[in-house]
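The next block holds one structure in the form of C-alpha coordinates; read it before the comments.
The values are calculated or read from the model by the stated rules, or taken from the named source; none is laboratory data. Everything quoted here is computed from the prediction, not taken from an experiment. Don't worry about glycine lacking a Cβ; one is built from the backbone with ideal geometry, like all the others, and counts go over all protein chains shown. Surface accessibility is based on the protein's heavy atoms, side chains included, excluding ligands, DNA and RNA. Shrake-Rupley method; radii C 1.70, N 1.55, O 1.52, S 1.80 Å.
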Amino acid sequence: MCPSNSEIISVNIFRAGYENFNIFKDFSLTVRHGEFLGIYGSNGAGKTTLLKAIAGFPPPLFEGEVIVKGRVGYVFQNPDNQIIGATVEEDIRFGLENLPLDCETIEARLQETLLTFDLEKLRSKDTLTLSGGQKQRLAIAAIMCLDPDVLLFDEPFSMLDRRERRAIMSLVKSLRNKQITAVIASTNMKDLTFCDKVINLNGGESLDRVR
Ligand SMILES: Nc1ncnc2c1ncn2[C@@H]1O[C@H](COP(=O)(O)OP(=O)(O)O)[C@@H](O)[C@H]1O
Ligand SMILES: [Mg+2]
(Lines give C-alpha, C1' and ligand atoms only; values in the text may rest on other atoms or scores of the structure.)
(Ligands and ions follow the chains in the order given, each with its own letter.)
Protein backbone atom coordinates (compact mmCIF):
# COMPACT_ATOMS: atom_id res chain seq x y z
CA MET A 1 0.00 0.00 0.00
CA CYS A 2 2.66 2.45 1.15
CA PRO A 3 5.75 2.61 -1.08
CA SER A 4 8.72 1.61 1.03
CA ASN A 5 10.87 4.43 2.37
CA SER A 6 7.97 6.90 2.40
CA GLU A 7 6.84 8.58 5.60
CA ILE A 8 4.18 6.67 7.49
CA ILE A 9 4.19 8.78 10.69
CA SER A 10 4.67 12.50 10.83
CA VAL A 11 4.40 14.41 14.12
CA ASN A 12 4.71 18.18 14.37
CA ILE A 13 3.93 19.56 17.80
CA PHE A 14 3.98 23.27 18.50
CA ARG A 15 3.09 22.54 22.09
CA ALA A 16 1.47 19.73 24.03
CA GLY A 17 0.82 19.14 27.69
CA TYR A 18 -1.61 18.93 30.59
CA GLU A 19 -3.24 21.86 32.35
CA ASN A 20 -0.67 24.64 32.46
CA PHE A 21 2.61 23.03 31.52
CA ASN A 22 4.10 21.92 28.22
CA ILE A 23 5.66 18.50 27.91
CA PHE A 24 6.51 19.06 24.27
CA LYS A 25 7.42 22.36 22.68
CA ASP A 26 8.48 22.63 19.02
CA PHE A 27 8.92 18.91 18.71
CA SER A 28 8.77 16.92 15.50
CA LEU A 29 9.54 13.44 14.27
CA THR A 30 8.98 11.34 11.20
CA VAL A 31 9.05 7.59 10.81
CA ARG A 32 9.48 5.87 7.48
CA HIS A 33 7.64 2.79 6.36
CA GLY A 34 9.30 -0.28 7.90
CA GLU A 35 11.44 1.72 10.30
CA PHE A 36 11.82 0.91 14.02
CA LEU A 37 12.02 4.06 16.08
CA GLY A 38 13.08 4.01 19.72
CA ILE A 39 11.78 6.63 22.18
CA TYR A 40 14.16 6.85 25.10
CA GLY A 41 13.41 8.83 28.24
CA SER A 42 13.22 8.56 32.02
CA ASN A 43 9.90 8.36 33.88
CA GLY A 44 7.82 11.45 33.22
CA ALA A 45 9.76 12.39 30.06
CA GLY A 46 6.64 12.18 27.90
CA LYS A 47 6.93 8.76 26.21
CA THR A 48 3.34 7.69 26.87
CA THR A 49 2.00 11.14 25.99
CA LEU A 50 3.80 10.94 22.64
CA LEU A 51 2.66 7.38 21.87
CA LYS A 52 -0.94 8.25 22.73
CA ALA A 53 -0.77 11.31 20.47
CA ILE A 54 0.46 9.10 17.61
CA ALA A 55 -2.43 6.71 18.35
CA GLY A 56 -4.90 9.60 18.01
CA PHE A 57 -5.32 10.53 21.68
CA PRO A 58 -3.38 13.77 22.22
CA PRO A 59 -3.22 15.37 25.69
CA PRO A 60 -5.79 18.08 26.56
CA LEU A 61 -3.47 20.91 25.56
CA PHE A 62 -2.35 20.21 22.03
CA GLU A 63 -1.34 22.45 19.19
CA GLY A 64 0.13 20.60 16.28
CA GLU A 65 -0.47 17.86 13.79
CA VAL A 66 -0.09 14.10 13.75
CA ILE A 67 -0.42 12.17 10.51
CA VAL A 68 -0.36 8.37 10.44
CA LYS A 69 -0.91 6.69 7.10
CA GLY A 70 -2.21 3.33 8.24
CA ARG A 71 -3.83 1.31 10.99
CA VAL A 72 -2.29 1.63 14.42
CA GLY A 73 -1.93 -1.10 17.07
CA TYR A 74 -1.02 -0.09 20.63
CA VAL A 75 0.68 -2.39 23.12
CA PHE A 76 0.11 -0.97 26.62
CA GLN A 77 2.83 -0.96 29.24
CA ASN A 78 0.90 -3.44 31.36
CA PRO A 79 -0.65 -6.34 29.39
CA ASP A 80 -3.25 -6.77 32.16
CA ASN A 81 -4.86 -3.57 30.86
CA GLN A 82 -5.18 -5.06 27.42
CA ILE A 83 -6.14 -8.70 27.83
CA ILE A 84 -9.90 -9.13 28.02
CA GLY A 85 -10.50 -12.76 27.03
CA ALA A 86 -10.94 -15.47 29.69
CA THR A 87 -8.66 -17.76 27.67
CA VAL A 88 -5.83 -17.14 25.20
CA GLU A 89 -8.04 -18.22 22.30
CA GLU A 90 -10.93 -15.97 23.39
CA ASP A 91 -8.64 -13.00 23.71
CA ILE A 92 -7.37 -13.34 20.14
CA ARG A 93 -10.88 -14.06 18.86
CA PHE A 94 -12.31 -10.93 20.48
CA GLY A 95 -10.39 -8.56 18.19
CA LEU A 96 -10.97 -10.68 15.09
CA GLU A 97 -14.73 -10.90 15.71
CA ASN A 98 -14.91 -7.12 15.82
CA LEU A 99 -13.59 -6.93 12.27
CA PRO A 100 -15.81 -7.44 9.23
CA LEU A 101 -14.43 -10.93 8.54
CA ASP A 102 -16.24 -14.16 7.67
CA CYS A 103 -16.03 -17.18 10.00
CA GLU A 104 -13.52 -19.06 7.84
CA THR A 105 -11.13 -16.12 7.76
CA ILE A 106 -11.44 -15.69 11.53
CA GLU A 107 -10.60 -19.38 12.14
CA ALA A 108 -7.66 -19.23 9.71
CA ARG A 109 -6.22 -16.07 11.27
CA LEU A 110 -6.71 -17.42 14.78
CA GLN A 111 -4.85 -20.61 13.92
CA GLU A 112 -2.05 -18.75 12.14
CA THR A 113 -1.65 -16.36 15.08
CA LEU A 114 -1.53 -19.17 17.65
CA LEU A 115 1.22 -20.87 15.63
CA THR A 116 3.24 -17.76 14.77
CA PHE A 117 3.33 -16.55 18.38
CA ASP A 118 3.86 -20.00 19.86
CA LEU A 119 0.57 -19.87 21.76
CA GLU A 120 -0.99 -23.10 20.48
CA LYS A 121 -0.17 -25.01 23.68
CA LEU A 122 -1.64 -22.20 25.78
CA ARG A 123 -4.77 -21.92 23.66
CA SER A 124 -7.26 -22.91 26.38
CA LYS A 125 -5.33 -21.49 29.28
CA ASP A 126 -6.96 -19.00 31.65
CA THR A 127 -5.35 -15.63 30.88
CA LEU A 128 -5.17 -14.79 34.61
CA THR A 129 -2.72 -17.67 35.09
CA LEU A 130 -0.24 -16.65 32.36
CA SER A 131 3.27 -15.47 33.24
CA GLY A 132 4.25 -11.86 32.50
CA GLY A 133 6.09 -12.91 29.34
CA GLN A 134 3.18 -15.04 28.12
CA LYS A 135 0.78 -12.14 28.74
CA GLN A 136 2.98 -9.77 26.77
CA ARG A 137 3.25 -12.32 23.94
CA LEU A 138 -0.55 -12.69 23.90
CA ALA A 139 -1.07 -8.90 23.91
CA ILE A 140 1.27 -8.54 20.91
CA ALA A 141 -0.30 -11.52 19.09
CA ALA A 142 -3.85 -10.24 19.61
CA ILE A 143 -2.87 -6.93 18.04
CA MET A 144 -0.79 -8.38 15.23
CA CYS A 145 -3.68 -10.55 14.05
CA LEU A 146 -5.62 -7.35 13.36
CA ASP A 147 -3.00 -6.60 10.70
CA PRO A 148 -1.85 -3.13 11.80
CA ASP A 149 0.59 -1.06 9.73
CA VAL A 150 2.12 0.63 12.77
CA LEU A 151 2.76 -0.88 16.20
CA LEU A 152 3.30 1.32 19.23
CA PHE A 153 4.98 -0.32 22.23
CA ASP A 154 4.94 1.42 25.60
CA GLU A 155 7.83 -0.02 27.64
CA PRO A 156 7.17 -3.57 26.40
CA PHE A 157 10.00 -5.11 28.42
CA SER A 158 9.60 -3.26 31.69
CA MET A 159 7.41 -5.78 33.52
CA LEU A 160 9.46 -8.84 32.54
CA ASP A 161 12.27 -10.82 34.14
CA ARG A 162 15.53 -11.30 32.21
CA ARG A 163 14.59 -14.49 30.42
CA GLU A 164 11.15 -13.23 29.41
CA ARG A 165 12.68 -9.97 28.35
CA ARG A 166 15.01 -11.76 25.92
CA ALA A 167 12.11 -13.75 24.47
CA ILE A 168 9.88 -10.72 23.96
CA MET A 169 12.76 -8.72 22.55
CA SER A 170 13.45 -11.34 19.91
CA LEU A 171 9.71 -11.43 19.17
CA VAL A 172 9.62 -7.66 18.66
CA LYS A 173 12.74 -7.88 16.46
CA SER A 174 11.15 -10.64 14.38
CA LEU A 175 8.31 -8.27 13.44
CA ARG A 176 10.72 -6.60 11.05
CA ASN A 177 10.07 -9.39 8.58
CA LYS A 178 6.38 -8.54 8.63
CA GLN A 179 6.62 -5.17 6.90
CA ILE A 180 5.58 -3.37 10.04
CA THR A 181 6.61 0.03 11.34
CA ALA A 182 7.23 0.24 15.08
CA VAL A 183 7.71 2.90 17.74
CA ILE A 184 9.10 1.50 21.00
CA ALA A 185 9.34 3.49 24.24
CA SER A 186 11.80 2.54 26.96
CA THR A 187 13.63 3.98 29.95
CA ASN A 188 16.61 1.79 29.07
CA MET A 189 18.78 2.65 26.07
CA LYS A 190 20.04 -0.96 25.92
CA ASP A 191 16.52 -2.14 25.08
CA LEU A 192 16.53 0.03 21.97
CA THR A 193 19.83 -0.93 20.33
CA PHE A 194 18.01 -2.87 17.62
CA CYS A 195 16.09 0.25 16.50
CA ASP A 196 17.11 2.17 13.37
CA LYS A 197 16.98 5.42 15.24
CA VAL A 198 16.47 6.50 18.86
CA ILE A 199 14.97 9.79 19.98
CA ASN A 200 16.09 10.98 23.40
CA LEU A 201 13.31 12.77 25.29
CA ASN A 202 15.64 13.65 28.17
CA GLY A 203 16.68 16.75 26.32
CA GLY A 204 19.49 15.18 24.33
CA GLU A 205 20.00 14.93 20.61
CA SER A 206 18.30 12.13 18.71
CA LEU A 207 20.73 9.32 18.07
CA ASP A 208 20.73 8.01 14.54
CA ARG A 209 21.70 4.41 14.16
CA VAL A 210 22.73 2.55 11.08
CA ARG A 211 21.07 -0.82 10.73
N1 LIG B 1 -3.40 12.76 32.73
C2 LIG B 1 -2.41 13.55 33.14
N3 LIG B 1 -2.67 14.73 33.78
C4 LIG B 1 -1.68 15.55 34.18
N5 LIG B 1 -0.38 15.31 33.99
C6 LIG B 1 -0.05 14.15 33.36
C7 LIG B 1 -1.05 13.22 32.90
N8 LIG B 1 -0.42 12.16 32.30
C9 LIG B 1 0.89 12.44 32.39
N10 LIG B 1 1.12 13.60 32.99
C11 LIG B 1 2.44 14.23 33.25
O12 LIG B 1 3.06 14.42 31.99
C13 LIG B 1 4.44 14.13 32.06
C14 LIG B 1 4.78 13.04 31.04
O15 LIG B 1 4.12 11.86 31.39
P16 LIG B 1 4.19 10.54 30.52
O17 LIG B 1 3.92 10.87 29.09
O18 LIG B 1 3.32 9.54 31.17
O19 LIG B 1 5.75 10.16 30.68
P20 LIG B 1 6.49 8.74 30.55
O21 LIG B 1 5.58 7.81 29.81
O22 LIG B 1 7.76 9.06 29.81
O23 LIG B 1 6.78 8.27 31.95
C24 LIG B 1 4.71 13.73 33.50
O25 LIG B 1 5.17 14.88 34.17
C26 LIG B 1 3.37 13.31 34.01
O27 LIG B 1 3.27 13.52 35.39
MG1 LIG C 1 4.83 5.98 30.28
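Residues in the range 177-184 include at least one that is open to solvent by less than 20 Å² (accessible area, probe 1.4 Å), modelled with pLDDT of 95 or more and within 16 Å of ligand 1 (Cβ to nearest atom).
Apart from one condition, residue 89 fits all of (1) more than 17 Å from the chain's Cα centre (by Cα); (2) surrounded by 18 or more Cβ atoms within 10 Å (Cβ to Cβ); (3) in a loop (DSSP other than H, G, I, E, B); the exception is (3).
Does residue 53 satisfy the criteria of being part of a strand (DSSP E or B), within 16 Å of ligand 2 (Cβ to nearest atom) and surrounded by 13 or more Cβ atoms within 10 Å (Cβ to Cβ)? Break it down into steps so the answer makes sense when it comes.
Details: part of a strand (DSSP E or B): no; within 16 Å of ligand 2 (Cβ to nearest atom): yes; surrounded by 13 or more Cβ atoms within 10 Å (Cβ to Cβ): yes.
No: the conditions fail for residue 53.
Of all residues in the range 96-138, exactly one satisfies the criterion of being crowded, with 21+ Cβ neighbours inside 10 Å and within 17 Å of residue 71 (Cβ to Cβ), namely 113.
Report whether or not residue 36 is aromatic (Phe, Trp, Tyr) and more than 14 Å from residue 153 (Cα to Cα). Lay out the reasoning, then the answer.
Numbers: aromatic (Phe, Trp, Tyr): yes; more than 14 Å from residue 153 (Cα to Cα): no.
So residue 36 fails the test.
Take the conditions more than 11 Å from ligand 1 (Cβ to nearest atom), assigned to a loop (DSSP other than H, G, I, E, B) and in contact with a helix residue (DSSP H, G or I) (Cβ under 9 Å, 6 or more places away or on another chain) and apply them to residue 73. Does it pass? Write out each step before concluding.
Working: more than 11 Å from ligand 1 (Cβ to nearest atom): yes; assigned to a loop (DSSP other than H, G, I, E, B): no; in contact with a helix residue (DSSP H, G or I) (Cβ under 9 Å, 6 or more places away or on another chain): yes.
No, not satisfied.
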